[in-house]
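Reviewing the structure listed below.
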Amino acid sequence: MPSSAYDAVLWDFGGVILTSPFEAFNELEAARGLPRDSIRRINARNPDGNAWARFERSEIDLDGFDAAFAAEAAAQGLELRGRDVVAVIHGRIRPEMVEALRRVKRHYKTACLTNNVNDLGAGPAYAAAVGAVMAEFGAVIESRKVGVRKPDPQFYRLACEILAIDPARAVYLDDLGINLKPAAAMGMRTIKVTGAEQALAELEAVLGLELR
């Protein structure tokens with residue numbers, strides 16, 4: 001029987017439903033002869049006010065992000081445009097995670113909590129595939145639409161308000177520890193996703209459901 005301790009399961013998108021964008025970042029860095037994890041280091045500086053954060057809150061458009069990211073890279077002695085980063089960020093859909101979502105939503109409320117941007121230039125086929133997955137969720141909270149992003153606690157509070165749930169009765173999956181900390185502080189049961197099999201095993205144990 002599914003666990004009665006929870007009312008909802010909340011899911012990050014990139015790195016959970018999709019493969020991690022960090023894999024694509026590392027491939028781009030290797031192709032450009034840049035030190036591994038350069039992009040992550042750029043994005044780690046001034047994390048709430050840098051180009052990436054502003055892009056995810058729709059405070060700047062793609063052109064603005066392109067120039068601002070390039071300036072941040074240059075400040076670290078690197079040459080890389082924002083458009084180059086955006087061009088490779090599209091992760092692959094993990095079908096096993098989508099199947100798990102379908103099984104979970106038979107018993108629990110679901111929501112996608114995602115930091116995202118308005119213009120990824122992914123093409124219509126990819127956009128349609130992602131849109132079909134998004135439609136599986138009971139609710140979708142997107143940073144680009146609500147003007148706040150993880151790990152701001154307001155983002156999580158908004159999700160709980162939309163679902164009408166107590167945070168302590170929610171499970172949250174994300175691939176970034178920095179995004180899990182505020183959720184855990186609110187009382188959510190958190191799962192750090194390092195891979196699909198690991199995440200599903202932990203979620204099965206928490207919920208008492210077979211998800212594969």
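What ranking of E23, E29, E161 emerges when the number of other C-beta atoms within 10 Å of each C-beta is taken as an exposure proxy, fewest first?
If I rank by nearby Cβ atoms, fewest first, I get E161, E23, E29.
With viscosity set to 1.567 mPa s and temperature to 4 °C, compute the Stokes-Einstein D of the chain, Rh being the Kirkwood radius across alpha carbon pairs; µm²/s, no decimals.
73 µm²/s
Only helical DSSP H runs with n ≥ 4 go in: add -39500 (n - 2.57) per run for the chain, normalise by residue count and round the 222 nm mean residue ellipticity to 500 deg cm²/dmol.
The helix contribution divided over the chain gives -13500 deg cm²/dmol.
Pairs of alpha-carbon atoms within less than 8 angstrom and 6+ residues apart define the contacts here; what relative contact order does the range 22-86 have, in percent?
Relative contact order comes out at 23 percent.
For L10, L200, L176, what's the fewest-to-most ordering of other Cβ within 10 Å of each Cβ?
L176, L200, L10
Give the aspartates and glutamates whose C-alpha is closer than 16 Å to that of K192, dropping any in the same chain fewer than 8 places away, or say none.
D12, D174, D175, E202, E204
Let me know the charge dipole size of the chain about its Cα centre in debye, to the nearest 20, where only the beta-carbon of Lys, Arg (+1) and Asp, Glu (-1) is charged.
360 debye
Please compute the contact order of the chain in relative form: average sequence separation of alpha-carbon pairs under 8 Å and at least six residues apart, divided by the residue count, as a percent.
Once divided by the residue count of the chain, the mean separation gives 29 percent.
Of the options N26, A73, V117, report the single residue whose Cα projects farthest towards the positive end of the charge dipole of the chain (beta-carbon charges: Lys, Arg +1; Asp, Glu -1).
The Cα lying farthest towards the positive end belongs to V117.
Just to be sure I understand: if I project the alpha-carbon convex hull of the range 22-86 onto a plane and average over all orientations, what area do I get in nm²?
Reported value for the Cα convex hull: 3.8 nm².
Based on other C-beta atoms within 10 Å, arrange E210, E142 from fewest to most.
E210, E142
Only the coordinates and a few stated rules stand behind these numbers; no lab work does. Keep in mind that what you see is a predicted model, and the values were worked out from it rather than measured. A quick note on method: Cβ atoms are made from the backbone with ideal geometry, for glycine too, and the neighbour counts reach across all protein chains shown.
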